[in-house]
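Beneath this line is the structure, given in C-alpha coordinates, with notes to follow.
The values are calculated or read from the model by the stated rules, or taken from the named source; none is laboratory data. Predicted model only: the values in this text are computed from it and were never measured. Here Cβ is always computed from backbone atoms with ideal geometry, including for glycine, and neighbour counts include all displayed protein chains. Accessible surface areas use protein heavy atoms only, side chains included; no ligands, DNA or RNA. Shrake-Rupley method; radii C 1.70, N 1.55, O 1.52, S 1.80 Å.
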Amino acid sequence: MSTPCISFNGIQHIFPGGVVAIDHVNLEIGQGQFTCLLGPSGCGKSTLLHIAAGFQTPTQGQVCMQGSPIQGISPQRLMVFQEYALFPWMTVEANVMFGLQQTRVPDCQARERVKQMLALLKLREFADRYPKDLSGGMKQRVAIARAMVLAPPILLMDEPFAALDALTRRTLQDELLRLWQGAGTTILFVTHSIEEALYLGTRVVVMTHRPGAVKADIPLDFAFPRQTSTPAYLQVKEQLESLVMAEQHQYLQAEAAG
Ligand SMILES: Nc1ncnc2c1ncn2[C@@H]1O[C@H](COP(=O)(O)OP(=O)(O)OP(=O)(O)O)[C@@H](O)[C@H]1O
Ligand SMILES: [Mg+2]
(Lines give C-alpha, C1' and ligand atoms only; values in the text may rest on other atoms or scores of the structure.)
(Ligands and ions follow the chains in the order given, each with its own letter.)
Protein backbone atom coordinates (compact mmCIF):
# COMPACT_ATOMS: atom_id res chain seq x y z
CA MET A 1 0.00 0.00 0.00
CA SER A 2 1.24 3.55 -0.68
CA THR A 3 1.60 5.86 2.36
CA PRO A 4 -1.66 5.48 4.25
CA CYS A 5 -3.83 8.54 4.63
CA ILE A 6 -3.99 7.88 8.32
CA SER A 7 -2.20 5.31 10.45
CA PHE A 8 -2.57 4.34 14.08
CA ASN A 9 0.69 2.90 15.34
CA GLY A 10 0.67 1.03 18.64
CA ILE A 11 -1.92 3.31 20.19
CA GLN A 12 -2.69 2.99 23.87
CA HIS A 13 -4.77 5.37 25.92
CA ILE A 14 -5.06 5.30 29.69
CA PHE A 15 -7.36 7.89 31.25
CA PRO A 16 -6.46 9.60 34.53
CA GLY A 17 -7.74 7.19 37.16
CA GLY A 18 -6.31 4.22 35.33
CA VAL A 19 -8.97 3.17 32.79
CA VAL A 20 -7.12 1.55 29.88
CA ALA A 21 -9.51 2.50 27.08
CA ILE A 22 -7.52 1.17 24.11
CA ASP A 23 -4.32 -0.78 23.76
CA HIS A 24 -2.15 -1.95 20.86
CA VAL A 25 -4.30 -0.36 18.18
CA ASN A 26 -2.62 -0.68 14.80
CA LEU A 27 -4.59 0.37 11.77
CA GLU A 28 -3.76 1.79 8.36
CA ILE A 29 -6.41 3.60 6.39
CA GLY A 30 -5.99 4.28 2.70
CA GLN A 31 -6.90 7.47 0.89
CA GLY A 32 -10.61 7.69 0.14
CA GLN A 33 -11.55 4.63 2.17
CA PHE A 34 -14.83 4.62 4.08
CA THR A 35 -13.96 2.67 7.22
CA CYS A 36 -16.64 1.74 9.74
CA LEU A 37 -15.69 0.95 13.33
CA LEU A 38 -17.89 -1.48 15.26
CA GLY A 39 -17.45 -2.64 18.83
CA PRO A 40 -19.09 -3.04 22.21
CA SER A 41 -19.94 -0.02 24.33
CA GLY A 42 -16.92 1.38 26.15
CA CYS A 43 -14.32 -0.32 23.93
CA GLY A 44 -12.75 3.01 23.06
CA LYS A 45 -14.22 3.91 19.66
CA SER A 46 -14.81 7.54 20.60
CA THR A 47 -11.42 7.69 22.28
CA LEU A 48 -9.78 6.51 19.06
CA LEU A 49 -11.62 9.17 17.04
CA HIS A 50 -10.73 11.88 19.57
CA ILE A 51 -7.08 10.87 19.26
CA ALA A 52 -7.29 10.98 15.45
CA ALA A 53 -8.93 14.42 15.65
CA GLY A 54 -6.12 15.61 17.94
CA PHE A 55 -8.40 16.34 20.91
CA GLN A 56 -6.45 13.84 22.95
CA THR A 57 -2.82 12.69 22.95
CA PRO A 58 -2.43 8.93 23.34
CA THR A 59 -0.46 7.71 26.34
CA GLN A 60 1.52 5.55 23.91
CA GLY A 61 1.91 5.32 20.15
CA GLN A 62 1.46 7.73 17.33
CA VAL A 63 -1.14 8.70 14.77
CA CYS A 64 0.23 9.76 11.40
CA MET A 65 -1.43 11.54 8.53
CA GLN A 66 0.25 10.94 5.17
CA GLY A 67 3.19 9.54 7.14
CA SER A 68 3.70 12.57 9.42
CA PRO A 69 2.77 12.51 13.11
CA ILE A 70 -0.31 14.61 13.81
CA GLN A 71 -0.04 17.47 16.24
CA GLY A 72 -3.22 18.75 17.86
CA ILE A 73 -6.41 19.62 16.06
CA SER A 74 -6.43 20.59 12.39
CA PRO A 75 -8.95 21.52 9.68
CA GLN A 76 -7.50 18.53 7.82
CA ARG A 77 -9.28 16.20 10.27
CA LEU A 78 -12.79 17.22 11.19
CA MET A 79 -15.19 15.51 13.52
CA VAL A 80 -18.98 15.15 13.32
CA PHE A 81 -20.64 14.14 16.60
CA GLN A 82 -23.85 12.33 17.45
CA GLU A 83 -25.19 15.41 19.22
CA TYR A 84 -24.78 17.89 16.35
CA ALA A 85 -22.67 20.47 18.26
CA LEU A 86 -24.02 23.46 16.33
CA PHE A 87 -23.76 27.05 17.52
CA PRO A 88 -27.29 27.76 18.79
CA TRP A 89 -26.96 31.52 18.38
CA MET A 90 -26.12 31.28 14.68
CA THR A 91 -28.42 30.62 11.74
CA VAL A 92 -27.95 27.53 9.58
CA GLU A 93 -26.08 29.56 6.98
CA ALA A 94 -23.82 31.18 9.60
CA ASN A 95 -23.07 27.76 11.14
CA VAL A 96 -21.98 26.39 7.76
CA MET A 97 -20.05 29.59 6.98
CA PHE A 98 -18.24 29.72 10.31
CA GLY A 99 -15.31 27.39 9.53
CA LEU A 100 -14.66 28.99 6.15
CA GLN A 101 -14.40 32.41 7.79
CA GLN A 102 -11.45 31.07 9.80
CA THR A 103 -9.63 30.23 6.55
CA ARG A 104 -8.20 32.40 3.79
CA VAL A 105 -10.99 31.62 1.36
CA PRO A 106 -12.22 34.99 0.01
CA ASP A 107 -15.65 35.97 1.22
CA CYS A 108 -17.45 35.75 -2.13
CA GLN A 109 -16.00 32.28 -2.78
CA ALA A 110 -16.94 31.18 0.72
CA ARG A 111 -20.52 32.34 0.17
CA GLU A 112 -20.71 30.40 -3.07
CA ARG A 113 -19.40 27.23 -1.44
CA VAL A 114 -21.86 27.55 1.44
CA LYS A 115 -24.69 28.03 -1.05
CA GLN A 116 -23.70 24.89 -2.94
CA MET A 117 -23.37 22.82 0.23
CA LEU A 118 -26.76 24.01 1.52
CA ALA A 119 -28.29 22.99 -1.81
CA LEU A 120 -26.55 19.58 -1.78
CA LEU A 121 -27.89 18.82 1.66
CA LYS A 122 -31.36 20.22 0.92
CA LEU A 123 -30.99 23.01 3.45
CA ARG A 124 -31.46 26.05 1.22
CA GLU A 125 -34.88 27.02 2.49
CA PHE A 126 -33.70 26.62 6.10
CA ALA A 127 -30.68 28.92 5.72
CA ASP A 128 -32.08 31.62 8.01
CA ARG A 129 -33.37 29.33 10.73
CA TYR A 130 -31.72 28.73 14.09
CA PRO A 131 -30.84 25.20 15.28
CA LYS A 132 -33.62 25.20 17.89
CA ASP A 133 -36.17 25.44 15.06
CA LEU A 134 -34.83 22.37 13.23
CA SER A 135 -35.56 18.63 13.52
CA GLY A 136 -32.78 16.24 14.54
CA GLY A 137 -32.27 15.18 10.93
CA MET A 138 -31.95 18.78 9.79
CA LYS A 139 -29.48 19.58 12.55
CA GLN A 140 -27.34 16.63 11.54
CA ARG A 141 -27.47 17.81 7.92
CA VAL A 142 -26.14 21.18 9.08
CA ALA A 143 -23.38 19.46 11.07
CA ILE A 144 -22.35 17.47 7.97
CA ALA A 145 -22.58 20.55 5.73
CA ARG A 146 -20.43 22.50 8.19
CA ALA A 147 -17.69 19.89 8.03
CA MET A 148 -17.92 19.05 4.30
CA VAL A 149 -17.87 22.69 3.16
CA LEU A 150 -14.27 22.79 4.37
CA ALA A 151 -13.45 19.84 2.09
CA PRO A 152 -11.39 18.09 4.79
CA PRO A 153 -9.25 15.20 3.57
CA ILE A 154 -10.36 13.25 6.64
CA LEU A 155 -13.79 13.15 8.25
CA LEU A 156 -14.24 11.49 11.64
CA MET A 157 -17.85 10.63 12.43
CA ASP A 158 -18.95 9.38 15.86
CA GLU A 159 -22.35 7.69 15.55
CA PRO A 160 -23.66 10.69 13.62
CA PHE A 161 -27.02 9.13 12.75
CA ALA A 162 -27.68 7.17 15.95
CA ALA A 163 -30.34 9.55 17.25
CA LEU A 164 -32.34 9.70 14.02
CA ASP A 165 -35.42 7.79 12.91
CA ALA A 166 -34.90 5.03 10.34
CA LEU A 167 -36.12 7.00 7.32
CA THR A 168 -34.08 10.13 8.06
CA ARG A 169 -31.09 7.95 8.79
CA ARG A 170 -31.31 6.22 5.40
CA THR A 171 -31.71 9.56 3.60
CA LEU A 172 -28.65 10.99 5.32
CA GLN A 173 -26.66 7.82 4.70
CA ASP A 174 -27.39 8.19 0.98
CA GLU A 175 -26.47 11.87 1.06
CA LEU A 176 -23.24 11.12 2.87
CA LEU A 177 -22.34 8.46 0.30
CA ARG A 178 -23.00 10.92 -2.50
CA LEU A 179 -20.78 13.56 -0.87
CA TRP A 180 -18.04 11.01 -0.15
CA GLN A 181 -18.08 9.70 -3.72
CA GLY A 182 -17.90 13.25 -5.08
CA ALA A 183 -15.19 14.53 -2.75
CA GLY A 184 -12.96 11.48 -2.22
CA THR A 185 -12.83 12.16 1.53
CA THR A 186 -11.32 9.51 3.81
CA ILE A 187 -13.98 8.67 6.37
CA LEU A 188 -13.69 6.93 9.72
CA PHE A 189 -17.21 6.25 10.92
CA VAL A 190 -18.22 4.80 14.30
CA THR A 191 -21.52 2.97 14.49
CA HIS A 192 -23.29 0.39 16.65
CA SER A 193 -25.27 -0.82 13.67
CA ILE A 194 -23.98 -3.71 11.56
CA GLU A 195 -26.51 -2.77 8.86
CA GLU A 196 -25.19 0.78 8.76
CA ALA A 197 -21.57 -0.40 8.52
CA LEU A 198 -22.51 -2.75 5.68
CA TYR A 199 -24.48 -0.09 3.86
CA LEU A 200 -21.75 2.56 4.00
CA GLY A 201 -18.33 1.05 4.44
CA THR A 202 -15.64 -0.08 2.04
CA ARG A 203 -14.20 -1.80 5.10
CA VAL A 204 -15.38 -2.73 8.59
CA VAL A 205 -13.07 -2.88 11.58
CA VAL A 206 -14.44 -4.75 14.60
CA MET A 207 -12.91 -3.86 17.95
CA THR A 208 -12.52 -6.05 21.01
CA HIS A 209 -14.12 -5.12 24.31
CA ARG A 210 -12.07 -2.82 26.55
CA PRO A 211 -9.21 -2.26 26.24
CA GLY A 212 -10.14 -1.93 22.59
CA ALA A 213 -7.89 -3.35 19.90
CA VAL A 214 -8.56 -4.49 16.35
CA LYS A 215 -10.34 -7.86 16.43
CA ALA A 216 -11.23 -8.20 12.75
CA ASP A 217 -10.69 -6.18 9.61
CA ILE A 218 -13.09 -7.01 6.82
CA PRO A 219 -13.07 -5.45 3.33
CA LEU A 220 -16.49 -4.81 1.79
CA ASP A 221 -16.07 -5.14 -1.94
CA PHE A 222 -19.74 -4.64 -2.81
CA ALA A 223 -20.78 -2.00 -5.33
CA PHE A 224 -22.81 1.06 -4.35
CA PRO A 225 -25.72 1.40 -3.92
CA ARG A 226 -25.60 -1.71 -1.79
CA GLN A 227 -27.81 -4.66 -2.65
CA THR A 228 -28.69 -5.82 0.82
CA SER A 229 -29.98 -9.30 0.08
CA THR A 230 -27.35 -10.99 -2.09
CA PRO A 231 -25.88 -14.23 -0.64
CA ALA A 232 -22.38 -12.69 -0.40
CA TYR A 233 -23.70 -9.67 1.48
CA LEU A 234 -25.74 -11.79 3.87
CA GLN A 235 -22.73 -13.99 4.50
CA VAL A 236 -20.61 -11.01 5.59
CA LYS A 237 -23.52 -9.79 7.68
CA GLU A 238 -23.65 -13.11 9.52
CA GLN A 239 -19.89 -13.07 10.00
CA LEU A 240 -20.06 -9.57 11.51
CA GLU A 241 -22.99 -10.50 13.72
CA SER A 242 -21.13 -13.41 15.24
CA LEU A 243 -17.93 -11.35 15.73
CA VAL A 244 -19.81 -8.51 17.41
CA MET A 245 -21.96 -10.86 19.51
CA ALA A 246 -18.87 -12.71 20.77
CA GLU A 247 -17.24 -9.45 21.86
CA GLN A 248 -20.47 -8.15 23.39
CA HIS A 249 -20.78 -11.40 25.35
CA GLN A 250 -17.25 -11.11 26.70
CA TYR A 251 -17.85 -7.45 27.52
CA LEU A 252 -20.95 -8.35 29.59
CA GLN A 253 -19.04 -11.12 31.38
CA ALA A 254 -16.20 -8.71 32.18
CA GLU A 255 -18.74 -6.14 33.47
CA ALA A 256 -20.45 -8.76 35.65
CA ALA A 257 -17.10 -9.82 37.08
CA GLY A 258 -16.47 -6.14 37.99
N1 LIG B 1 -12.58 11.35 30.30
C2 LIG B 1 -12.57 10.09 30.72
N3 LIG B 1 -12.06 9.75 31.92
C4 LIG B 1 -12.03 8.47 32.34
N5 LIG B 1 -12.49 7.42 31.62
C6 LIG B 1 -13.02 7.70 30.42
C7 LIG B 1 -13.09 9.02 29.89
N8 LIG B 1 -13.66 8.98 28.66
C9 LIG B 1 -13.93 7.69 28.42
N10 LIG B 1 -13.55 6.91 29.46
C11 LIG B 1 -13.66 5.46 29.57
O12 LIG B 1 -12.88 4.90 28.52
C13 LIG B 1 -13.55 3.78 27.93
C14 LIG B 1 -13.74 4.01 26.45
O15 LIG B 1 -14.64 5.08 26.28
P16 LIG B 1 -15.20 5.50 24.84
O17 LIG B 1 -16.15 6.61 25.08
O18 LIG B 1 -14.06 5.74 23.95
O19 LIG B 1 -15.96 4.17 24.39
P20 LIG B 1 -16.93 3.92 23.15
O21 LIG B 1 -16.47 2.68 22.47
O22 LIG B 1 -17.02 5.16 22.33
O23 LIG B 1 -18.32 3.62 23.88
P24 LIG B 1 -19.83 3.88 23.33
O25 LIG B 1 -20.07 2.82 22.32
O26 LIG B 1 -20.65 3.68 24.56
O27 LIG B 1 -19.89 5.27 22.79
C28 LIG B 1 -14.86 3.63 28.71
O29 LIG B 1 -14.69 2.67 29.71
C30 LIG B 1 -15.08 5.00 29.31
O31 LIG B 1 -15.80 4.89 30.52
MG1 LIG C 1 -18.58 6.46 21.87
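Just a few scattered comments:
- Strands (runs of 3 or more DSSP E) wholly inside segment 107-223 that include at least 3 residues being open to solvent by 10 Å² or more (accessible area, probe 1.4 Å): 214-219
- Just so you know, in segment 1-58 the residues that are open to solvent by less than 10 Å² (accessible area, probe 1.4 Å) and β-branched (Val, Ile, Thr) include one that is nearest to ligand 1 (Cβ to nearest atom), and it is Ile22.
- Residue match in segment 31-46 (condition: more than 15 Å from the chain's Cα centre (by Cα) and outside any loop (DSSP other than H, G, I, E, B)): no
- Pairs, first within 21 Å of Leu172 (Cα to Cα) and of a type in the set (D, E, K, R) in segment 84-104, second open to solvent by 30 Å² or more (accessible area, probe 1.4 Å) and part of a loop (DSSP other than H, G, I, E, B), C-beta under 8 Å, six or more apart: Glu93/Asp128
- Pair list, Cβ < 8 Å and 6+ apart or interchain, from segment 50-62 residues that are without any contact (Cβ under 8 Å) to a residue 40 or more places away in the chain to residues that are small (Gly, Ala, Ser): Gly54/Gly72; Gly54/Ser74
- For segment 242-258, a residue qualifies if it is exposed (fewer than 15 other Cβ atoms within 10 Å of the Cβ) and touching a residue at least 24 places away in the same chain (Cβ under 8 Å), and the qualifying residues are Gln250, Ala254.
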